[in-house]
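As structure tokens, the structure follows; a few thoughts come after it.
The values are calculated or read from the model by the stated rules, or taken from the named source; none is laboratory data. Only a predicted model underlies this, so the values are computations on that prediction, with no experimental measurement involved. Methodologically, a virtual Cβ is constructed for each residue, glycine included, from the backbone with ideal geometry; neighbour enumeration extends over all protein chains shown.
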Amino acid sequence: MRFLLLPVLLGLTMVSHAQMLMGVWGGIRTQNAGGCFPEYSTELHIIYMQNNSFIGNVYSFDNNRYTKINFTGKYNPLTKRMVIIENAVLQYNVPDSCVPCIKTYDLTFSKNGQSDILMGEWRGHEMGNNNNCQPGKISLSRLVKSSFPVDVYQNDTLAKLQKVIKLQNRQKEIVQAIAVDTSFIKIELYDNAEIDDDTVSVFLNNTLLLYKKRLTGKPLVLNINVFPNTEYELMMYADNLGRIPPNTSLMVITAGRKRYQLHLSSSEQKSAVVRFKYEGK
């Protein structure tokens, strides 16, 4: 029995780490003397995590000055140490005399009462060259709401595909709005009743997650991570109507201990939509 329990316990541990770290973190990033700004407000978005590796975006801002940079990272659950490496500057607005800094963060996770804390140091180099930036410190705590739009995780293949596909402009039909009490949602899509070669594309907040997938008796599965107090809109777009119009599907939603079954119907005029909101504490 102990050997059977070990994989289950390891799986629960990995889920708990993801629940612990994913989401929005906010606080202050300082920079040593000689840098462009001695202090910046910072938001860290960890949008996807698997096997203690994660990706996301970091926003640094002060009045009208800001940068948005994506990152990858690793977390060691034994030492509670997190290393984040910024990759590319996505957006920025800084004075001409300043250059955005591509940073590496060395952080440690801790708890202070009921608060979750990420604290540590950072160093980096200027965008476009190898000139070192003045390093500094950073202190973040978990936020219940972001000041910036939250991106939906999308792999590189789907991101490239979404740039070239063309969709018809269709009316959205809201099937149901669901309040969930967990940040992890599992969605399963089946063909409804007779399997007749319906194919669908699925979008979450206009981000392509499934493309021209055939609905069958075996589910198409999406595991979605949602941020607190953020609206999510899942849209099922009918790529064809199958042999028996319209395009129909059964959607099974598992959110924590709650389970929902929804019957969706999409056509060449409308797309079925389900809305989610995680009322995070």
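A few remarks follow.
- Flag for V99 being of a type in the set (V, I, T), assigned by TED's automatic domain parsing to the domain that holds P77 and not in a loop (DSSP other than H, G, I, E, B): no
- Tally, over the range 103-128, of residues that are more than 17 Å from G27 (Cα to Cα) and touching a residue at least 24 places away in the same chain (Cβ under 8 Å): 5
- Subset of the range 101-115 that is in contact with a Gly (Cβ under 9 Å, 6 or more places away or on another chain) and not aliphatic (A, V, I, L, M) - its residue that is farthest from S141 (Cα to Cα): C101
- Annotation: of all residues in the range 176-197 being among the hydrophobic types (A, V, I, L, M, F, W, C) and under 16 Å from Y278 (Cβ atoms), the one that is surrounded by the most Cβ atoms within 10 Å (Cβ to Cβ) is I187.
- Being assigned by TED's automatic domain parsing to the domain that holds T72, surrounded by fewer than 17 Cβ atoms within 10 Å (Cβ to Cβ) and closer than 20 Å to T72 by Cα is true of K137.
- Of all the criteria given as (1) surrounded by 12 or more Cβ atoms within 10 Å (Cβ to Cβ); (2) outside any strand (DSSP E or B), the one not satisfied by T104 is (2).
- Test: residue in the range 122-138 that is under 20 Å from the mean Cα position of the chain (by Cα) and not in a loop (DSSP other than H, G, I, E, B): no
- Only one of K186, K172, K160 that is outside any loop (DSSP other than H, G, I, E, B) and free of Cβ contacts under 8 Å to residues at least 12 places away in the same chain: K160
- Within the range 198-220, considering residues that are outside any strand (DSSP E or B) and surrounded by 14 or more Cβ atoms within 10 Å (Cβ to Cβ), the one modelled with the highest pLDDT: N205
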